[in-house]
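S.K.: I am attaching a structure below and will ask some questions about it afterwards.
The values are calculated or read from the model by the stated rules, or taken from the named source; none is laboratory data. A quick note: this is a predicted structure, and the numbers were derived from the prediction, not measured. Don't worry about glycine lacking a Cβ; one is built from the backbone with ideal geometry, like all the others, and counts go over all protein chains shown.
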C-alpha cells in the first residue's frame, strides 16, 4: 500500500472493516486447479462466481482458461485436455463443467456452470446488488484483492495446499506514457519496497503469478464506513521496477459475455435490483 496526502482517515476506515475484507477473500476468491488424466493437480489462477437469477458463472482471466485446452486451440473448440477443479465443501476438490465464453481483447472469460450445486454450499456468488457503478471514478479510491499465488502452493499427500494473498491499495495518477482506457480498465499500484499491513507493519509479498482472475473490490464510503463492491477482474500487472501496477478490467466485460452466453439474462436481472 502507499498512502497519498490526506489518506490517514482512509486507513482508519480500512482498519475498521479489516475483518469484512478478510471475509471477502474467504467467501468469494476461488483457487482454480487443472489436472490432466492420471496427472498431478497444478494451480493455474483465481476466479469467482457470479449468480444472475438462477444461472451461475465462473469468472476468471481468459489466459487462465488456456491451461485447460490443447496448445494452439485459440477458439477453444476442441475438447479440454485438463479437468477444472475447485474446492467444495470441506475442501474436497470438485470438477466444474459448462460452456466457456471468452474475450481475448479484454482477457476475461466466463464458464456457464452445468451444475452449480457442487459449489453452492461452499462459495458465495457475486450478485447484481454487489456490483459497483460501472464508470470511471472522480477520486482515487481504495481497492482490495484476494488471490491464490502459485508461490504459496505446494504438493501434499492427496493433492495441493495453498494460501491466499490479500492486499489493499489506493489508486493514483499513473506515470506519463502509461495512460489507459479508464472506461474499461482499473489500475492501481503495489509498492514492492514499501509494502505493509493495514496496521503499518512491514510485510513481504509473493510473485503475482496465480492471482489472475481474482475479483477486484472497490471500497465505498457508506455513512461512516467503507463498503466493498465488485469493480472488476484482475488480469495482469505492469512491472515498473519498484512498483507493480495492477491491471483490472471493469465488470462490464462480464456483462457483455453473459449477454452473449444467455441473451437477455443480464438485462432481465438488472430490472430486479434496487439500489
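S.K.: Name, by its number, the condition in (1) touching a helix residue (DSSP H, G or I) at 6+ places or on another chain (Cβ under 6 Å); (2) touching a residue at least 60 places away in the same chain (Cβ under 8 Å); (3) in a loop (DSSP other than H, G, I, E, B); (4) crowded, with 17+ Cβ neighbours inside 10 Å that does not hold for residue 122.
M.R.: (2)
S.K.: A further question on this structure: Going residue by residue through the range 31-47, is there one that turns out to be over 19 Å from residue 125 (Cβ atoms), at pLDDT below 95 and part of a helix (DSSP H, G or I)?
M.R.: No: the range 31-47 contains no residue that is over 19 Å from residue 125 (Cβ atoms), at pLDDT below 95 and part of a helix (DSSP H, G or I).
S.K.: A further question on this structure: Restrict the check to the range 99-119 and report whether at least one residue is surrounded by fewer than 17 Cβ atoms within 10 Å (Cβ to Cβ), part of a strand (DSSP E or B) and modelled with pLDDT of 95 or more.
M.R.: Quick first cut of the range 99-119, residues surrounded by fewer than 17 Cβ atoms within 10 Å (Cβ to Cβ) only: 99, 103-105, 114-115, 117.
Going one step further and asking which of them are part of a strand (DSSP E or B), we end up with 99, 103.
In the following step, the residues that additionally are modelled with pLDDT of 95 or more were identified as 103.
Yes, that holds for at least one residue.
S.K.: Let me ask another. With the requirement that a residue be out of contact with any helix residue (DSSP H, G or I) (no Cβ under 9 Å at 6 or more places or on another chain) and touching a residue at least 24 places away in the same chain (Cβ under 8 Å), what does the range 142-158 give you? Lay out the reasoning, then the answer.
M.R.: First, pick out the residues of the range 142-158 that are out of contact with any helix residue (DSSP H, G or I) (no Cβ under 9 Å at 6 or more places or on another chain): 143, 148-158.
Within the range 142-158, 143, 148, 149, 150, 151, 152, 153, 155 qualify.
S.K.: Check the range 228-240 and report whether any residue there is at pLDDT 95 or above, in contact with a helix residue (DSSP H, G or I) (Cβ under 6 Å, 6 or more places away or on another chain) and not in a helix (DSSP H, G or I).
M.R.: yes
S.K.: Across the range 145-191, what is the number of residues that are loosely packed, with under 15 Cβ neighbours inside 10 Å, within 22 Å of residue 92 (Cβ to Cβ) and more than 20 Å from the chain's Cα centre (by Cα)?
M.R.: Adding up the residues that qualify gives 5.
S.K.: Is it the case that residue 222 is modelled with pLDDT under 90, loosely packed, with under 14 Cβ neighbours inside 10 Å and touching a strand residue (DSSP E or B) at 6+ places or on another chain (Cβ under 9 Å)? Please lay out each step first, then the result.
M.R.: Values: modelled with pLDDT under 90: yes; loosely packed, with under 14 Cβ neighbours inside 10 Å: yes; touching a strand residue (DSSP E or B) at 6+ places or on another chain (Cβ under 9 Å): no.
When the stated conditions are applied, residue 222 does not pass them.
S.K.: If you don't mind, another one. May I ask you to list the residues in the range 161-191 that are closer than 15 Å to residue 145 by Cβ, touching a residue at least 40 places away in the same chain (Cβ under 8 Å) and not in a strand (DSSP E or B)? Even if it seems obvious, please write down each step before you answer.
M.R.: Initially, the range 161-191 is screened for residues closer than 15 Å to residue 145 by Cβ, giving 163-171, 185-191.
Subsequent filtering for residues that are touching a residue at least 40 places away in the same chain (Cβ under 8 Å) retains 164-170, 185-191.
Listed by number, the list holds a single entry, 164.
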